[in-house]
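Take a look at the structure below.
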Amino acid sequence: MDASASTPPTRLRLKQGTAWADAYGRARQVAPEAFDEDRLLNLWGGRWHRSGSPLHSLSPIDGSPIAGPPMMDPDEAREAIRATLDDHKEWRDVPLADRRARVTAAVEAMEEHRDLLALLLVWEIGKPWRLARTDVDRALDGVRWYIDEIEPMTAGRTPLPGPVSNIASWNYPMSVLMHAMLVQMLAGNAAIAKTPTDGGAACLTLAAALARRAGLPISLVSGSGSRLSSALVRAPEIGCLAFVGGRSAGGQVAAALVDTGKRHFLEQEGLNAWGIWDFSQWDLLAAHLRKGFEYGKQRCTAYPRYVVQRQLFDRFLEMYLPVVSSVRFGHPLAVENDSDPLPDLDYGPVITAEKAAELAGKVDEAITKGGVPLYRGDLADGRFLPDQDRAAYVPPVAILNPPPAAALHHAEPFGPVDTIVIVDSEAELLAAMNASNGALVASLACDDEATARRLSGELSAFKVGVNKPRSRGDRAEPFGGRGASWKGAFVGGEHLVHAVTVGADPNERLYGNFPSYSLYPET
């Protein structure tokens, strides 16, 4: 008998000093103006307001209560927009040197409180510790690059006529949302953001407090997207709308913008696919696929679809199954002893218990309608505290050939669920990889680079990797999408700065997807 079989499982505990109460208490000490004992506050007009009704929010980690966003009514949102326009009118005349100094001060303050921002992210959106700190670091490092490079990007350009309104999803509060706002303000605009309803409110509140202390014209408000749309999307005071989210919500935002003529960039989801054709470098691919499970594939550039040449399917499966079975998930703050470092997990929970149930339903639908379950993990494989709520946790799943009638055939799951499609020709490969009418990224695993480059030209993705994944990118790297995955101006490097400034040429054509044209930078 295997001696290890009789060894009782190690009893895990919450690492001392990492409880939600500890994180919230530290945030109140750092920024008492933004955190009341019982709730978060909204920010506009340079002041924090005890407005709105706090949403009853639960941490995805264990279902315990955390501070929810204070949901405002439309009249308050309109007041916030008017105040942000007043900020904008003053800020646009501030010299660039002063703007750089204030943004630098904000970045330095956030760096000082980096670990607190990360701990708030762990509790609010379930990111493992390493990935939460990476989210903060990428935001701050990216803004430092813009601080150094901003002068030539803004040469001959002026701020927008009104502030930038930001509506973003919950998955990257710092490296996407706060990063974008800091660059928008560096370029001479005031910025207002709607706190994501599903998570990130406390982290963003702390970051906004530090930015406001540095003298930046930032506003942070909360509320239902549908109720605040008239203020945050259509208000005449707004100079630009920045949106990151799903296609359904993005479509509604795009429809609301149709007759406004506003500057905008709308990042929407797509089914990012990895095609495998005439390929043999399996160890290389295994390393990429293993890393691809980070944060449970809850990111816009995750790869949930693998399109595999039939002749290679046995070799693919031989490589893939050990990868998917080795994925580590569980409670991000669970340790055996308080002296232990926090666990290095691939992912924690998905964003809500409702999302976990939705994913389970989509998996069941795909199998019931004819898909083949290649792999289904078990919650017993995760790291958890004794008797903790596990409703938001989803073990990794892989489905072969999800049928066209199933949602997983054409839609991004936004969770640790992979779908695999077998094809017999290059035409089938391309059709399967283009199933979602546009994507942000795609990759091809192919030994012959010339073949890969030829095929990549037929893919409806903004960035295509050959034997490597693609991502949003940092610093000067552009980012956008093709097809239905993106509307409006592209971002990244000078493209982001140009999207939120006005050039001297009244007929300037920005890079992006617009109703009358599409113009793509070199990627």
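Quick notes on this structure:
- Span per principal axis, largest first, for the Cα atoms of the chain (Å): 71, 55, 38
- Peptides 243-253, 219-229 ranked from most to least packed give 219-229, 243-253, packing being the mean of other C-beta atoms within 10 angstrom over each peptide's residues.
- Cut-off 14 Å between beta-carbons: net charge of the residues surrounding Asp389, Lys and Arg +1, Asp and Glu -1: -2
- In plain terms, the chain from Arg114 to Asp36 could stretch by 26.0 nm, reckoned as 0.36 nm per residue minus the Cα-Cα distance.
- Computed [θ] at 222 nm, helices only, for the chain once each DSSP H run of length n ≥ 4 contributes -39500 (n - 2.57): -11000 deg cm²/dmol
- Diffusion of the stretch 192-261 by Stokes-Einstein, at 10 °C in a medium of 1.306 mPa s and with Rh set to the Kirkwood radius over alpha-carbon pairs, works out to 119 µm²/s.
- Overall form of the stretch 109-239 per C-alpha gyration tensor (a/c, 1.5; a/b vs b/c): oblate
- The Cα atoms of the stretch 323-417 define a convex hull whose projected area, averaged across directions, is 6.5 nm².
- Scoring 94-101, 398-405 by mean Cβ neighbours within 10 Å over their residues and listing the highest first yields 398-405, 94-101.
- Zone residues, the stretch 403-430, relative to Thr368, backbone N less than 17 Å from point 7 Å out along Cα-to-Cβ: 403-409
- Residues in the stretch 396-406 carry Karplus couplings, in order, of x, 9, 9, 10, 8, 6, x, x, x, 6, 8 Hz; the curve used is 6.51 cos²θ - 1.76 cosθ + 1.60 with θ = phi - 60°, and Gly or Pro positions show x.
- Cα-projected label distance for Trp145 with His410, points at 7 Å along beta-carbon direction, nm: 3.6
- Under-5 Å amide H pairs with Asp62, H placed in peptide plane, nonlocal only: none
- Partners of Lys262 within straight-line reach, counting lysines whose Cα lies under 27 Å from its Cα and excluding those fewer than 8 residues away in the same chain: Lys89, Lys194, Lys463, Lys487.
- Isotropically averaged projected area of the stretch 396-523, using the convex hull of Cα atoms (one quarter of hull area), nm²: 9.9
- Local electrostatic count, Val253, Cβ distance below 13 Å [Lys/Arg +1, Asp/Glu -1]: +4
- Between Gly275 and Val307, Ser443, Leu444, Ala445, the built amide H atoms are under 5 Å apart, and every one of these is 5 or more places off in sequence or on another chain.
- Full-extension gain in nm, Asn467 to Trp282, via 0.36 nm per residue minus C-alpha separation: 65.6 nm
- Descending by average beta-carbon neighbour count within 10 Å, the peptides 333-340, 467-474 line up as 467-474, 333-340, the highest first.
- Stretchable slack from Glu426 to Leu519, in nm (0.36 nm times residue separation minus alpha-carbon distance): 30.8 nm
- Three-way shape call for the stretch 1-113 based on the alpha-carbon gyration tensor, with the a/c threshold at 1.5: prolate
Values quoted throughout were computed directly from the atomic coordinates according to the rules given, and no laboratory measurement underlies them. Since this is a predicted model, take the numbers as computed values, not measurements. Every residue, glycine as well, gets a Cβ built from its backbone with ideal geometry; the counts of neighbours run over all protein chains shown.
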